[in-house]
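Derivation of every value follows stated rules applied to the coordinates shown; laboratory data play no part. For clarity, every value in this text was computed on a predicted model and none was experimentally measured. FYI the Cβ positions are ideal-geometry reconstructions off the backbone, even for glycines, and counts take in every protein chain you see.
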Amino acid sequence: MSNGFIGELREALDNGSVLTGPDIDSRYYHDMAGKSVAKPRAVVRPRTTEQVSALLRLCNREKVPVTTQGGMTGLVRGALPNANEIVLSMERMNAVEEVDVSAGAATAQAGAPLQKIQERVEQDGYVFPLDLGARGSCTIGGNISTNAGGNRVIRYGMTRDLILGLEVVTADGTVLQGLRKYVKNNTGIDLKQLFIGSEGILGVVTRAALRIFPAPEGRQVALCALPSFAQLISFLGMAQKQLGGELTAFEAMWNEYYRFTVERVKGLAVPLPTHHPFYVLIEASGHVDRIQVDLEKLLETAMGENMILDAALSNSNASAAAMWRIRDSVSALARTFPYAAHISFDVSLAIDQMDEYEKAIGARIKTIDAGAFTIVFGHAGDGNLHIDLHHEHTPDRRDDFESLVYQITSEFGGSISAEHGIGILKRPYLKMSRTPEEIETMRTLKRALDPNSILNPGRIFTM
C-alpha cells in the first residue's frame, strides 16, 4: 500500500467518510458476543454506490483487503476484520428508497436494517416476510450475504426467494446494475444468485429490489405441548394439510429450551407448564375469522388424536407477541450462562432424523465433558435446528466439541450451516458438507470475480 493511500481514499470519498486511529470506534472490531480483534487499518463509510466503487477500485489497485460490515449480528466471524484489512461499513447507505405496490417490490440500500424495511412497507399495507430475532440490528445486505432464513421460511422461503434484483460492486469497482422489479427474467445466467449467500467474497451488494406481499389481515398463534418428536412430525403434516398457505411458522422447542427460557429470562409469559417433552409455536396468517376457525379446528383434531397434550391460543396481538418472545429470546437465554463455555450450532437435516440426531449429540458430547448439555430449538418446518451446547467445566475443549458436532452432522447427511453462513469459524468444517469439486468451483468463481482476493478474504474457504 502506498504511503498516500489513505489520503487518496479521503479525496475519492470525503474526509468524514474515512476513519483512522483513535477515531475508529470499538464496534467496528467487536462482534455480537463482544469478541475483539485487532483494530482495522481504516473504516470507510460510503454514502453512495459510486463511493463504494471508488473505494474498491483503489483497494484493488493496491491489493488492500476489505471486510464489508452491516449490522454486526453474524455468528461465524464473517464481518470481523483480519489484520491490516480496511472495513467497508454500509451504515450510511441505509435508506428504503421506494415501495412499489403495483410491482410488489421495495428498493432498499444494503445498510437498511431489516426492521426498518418491514415497518416502511407496512405503511402501504404490505409485508416483507423475512423475519428473525435480530431484525432491529441486522441489515438487508447482511441478510443477502448469508441467505438468511428466519421464522417464516416454511411459507415464503429463504432470502434468496425474496430478491428480485441486486446492484453489486465487484472487486475492481465495476457496478453491476441488476435492480429489476419483476420475477420472470430468463436472459441468461441469473447473476444475482452468485452474490446471495456468498458472504461478500464475490462482490459488495449496495442496493436490492425485494419482493413484498399484501399484509395478511390477521395472524393467530398457538403454543402447543407434545409428548414425542414422532407426534411433532405428525402434527406438522396435519398443519400443512389443514392450514395450507395459511401456515406461516412452525417452530420447535425441546423441553430444555422452553423450560430454561421461561425460568431464566425475566419478563416472559409462561403460557404452558414446563414439564412437557416438546413444544411447538405455530402461526397462521390470513383472513381473521378464517384463520381462527382453522387453527382452532387443527388444535381440536390434534388433541383428539393425542398429537398434542396441551395448547394455548393467542387472543390478541399482545398475547401472540408474548408467545413469540419466548422463541426470540435465544440471545437473552445464552447470556444467563457462562459465555466462554457456550457454542451455537446452526444445522439442517431431514426432519425425520432430528430426534435421533439430537439424541446422538446429547450422548456423545458426554465423552468430552460429562457435565455438558444441549439446548435445542429451531425451524422444524424447514429442517433447520439450532443447538446451544454448554460445557461450563471444559471451556478449553471448544474445538473438540465443534469437531464432534459437525462430524455427527456429516454422518446424518446434514448441512453444517442452515442460515448463518460459514465465515471463518466454520471454514475448517466446510468439507463435511461440500465436496472437493464444489469447493474448487467456488474458488474458480472467486478467482474470476476477485483475482486479487481483496473481498472478505479467508471467509468460507482459503485460496
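Structure notes:
- Charge-dipole axis of the chain as Lys and Arg at +1 and Asp and Glu at -1 on Cβ define it, positive-most pick from 408, 354, 40: 40
- By average C-beta atoms within 10 angstrom, highest first, the peptides 103-113, 373-383: 103-113, 373-383
- Neighbour-count order for 426, 181, 35, fewest beta carbons within 10 angstrom listed first: 35, 181, 426
- Which of 4, 374, 173, positive extreme of dipole for the chain (C-beta unit charges): 4
- Based on Cα contacts under 8 Å between residues 6+ apart, region 77-184 shows a relative contact order of 17 percent.
- Built amide H within the under 5 Å cut-off of residue 417, gap 5+: 348
- Along region 240-253 the Karplus relation, 6.51 cos²θ - 1.76 cosθ + 1.60 evaluated at θ = phi - 60°, assigns HN-Hα couplings of 5, 6, 7, 8, x, x, 6, 6, 9, 8, 8, 9, 9, 9 Hz to successive residues, with x for each Gly and Pro.
- Nearest 10 degrees, 0 to 90: helix 398-411 Cα axis against the chain principal axis: 70
- Once C-alpha pairs closer than 8 Å and six or more residues apart are averaged by separation and normalised to the residue number of region 1-89, the relative contact order reads 34 percent.
- For the chain, a crude dipole built from +1 on the beta carbon of Lys and Arg and -1 on the beta carbon of Asp and Glu, taken about the Cα centre, is about 1000 debye to the nearest 20.
- Cα centroid separation - region 170-239 against region 21-41, whole Å: 30
- Built amide H within the under 5 Å cut-off of residue 248, gap 5+: 283, 284, 285
- Flagged links, alpha-carbon separation over 22 Å, of 241/359; 426/446; 241/297; 35/446; 63/426: 241/359; 35/446; 63/426
- Taking a ≥ b ≥ c as the square roots of the eigenvalues of the alpha-carbon gyration tensor, region 415-463 is classed oblate because a/c is 1.5 or more while a/b is no larger than b/c.
- Under the criterion of Cα pairs below 8 Å and six or more residues apart, the relative contact order for the chain equals 15 percent.
- For residue 164, the residues whose amide H sits under 5 Å from its own are 209, 210, 211, ignoring neighbours fewer than 5 places away on the same chain, with H placed 1.01 Å from N.
- ³J(HN,Hα), Karplus 6.51/-1.76/1.60, whole Hz, each residue of region 276-287, x for Gly, Pro: 6, x, 9, 9, 10, 9, 10, 10, 10, 9, x, 5
- For region 82-169, a simple Cβ point-charge model (Lys and Arg +1, Asp and Glu -1, everything else neutral) yields a dipole of about 280 debye relative to the Cα centre.
- Principal-axis tilt of helix 49-62 within the chain, Cα atoms, nearest 10 degrees: 60
- Distance between region 319-358 and region 294-317 - C-alpha centres, whole angstrom: 23
- Rounded if a/c under 1.5, otherwise prolate or oblate - region 5-89, Cα gyration tensor axes: prolate
- Additional length obtainable on full extension of the chain from residue 213 to residue 98, 0.36 nm per residue less Cα span: 39.9 nm
- One entry in (1) 14; (2) 17; (3) 31 is percent of Cα pairs over 42 Å apart calculated from the shown coordinates; its label is (2).
- Prolate/oblate/rounded call for region 207-305, Cα gyration tensor, a/c under 1.5 rounded: oblate
- Between residue 334 and residue 306, the contour length at 0.36 nm per residue exceeds the Cα-Cα span by 6.8 nm.
- Electrostatic dipole magnitude of region 5-89 [Cβ: Lys, Arg +1; Asp, Glu -1; Cα centre; debye, to 20]: 220
- Cα→Cβ-extended label distance, 7 Å offset, between residue 189 and residue 373, nm: 5.1
- MRE, 222 nm, helices only [DSSP H, n ≥ 4, -39500 (n - 2.57), over the chain, to nearest 500]: -9000 deg cm²/dmol
- The GluC sites (Glu not before Pro) of region 298-371 that meet both conditions, a loop assignment by DSSP and at most 12 other Cβ atoms within 10 Å of the site Cβ, are 305.
- Helix axis angle, 317-327 relative to the chain longest principal axis, alpha carbon, degrees: 70
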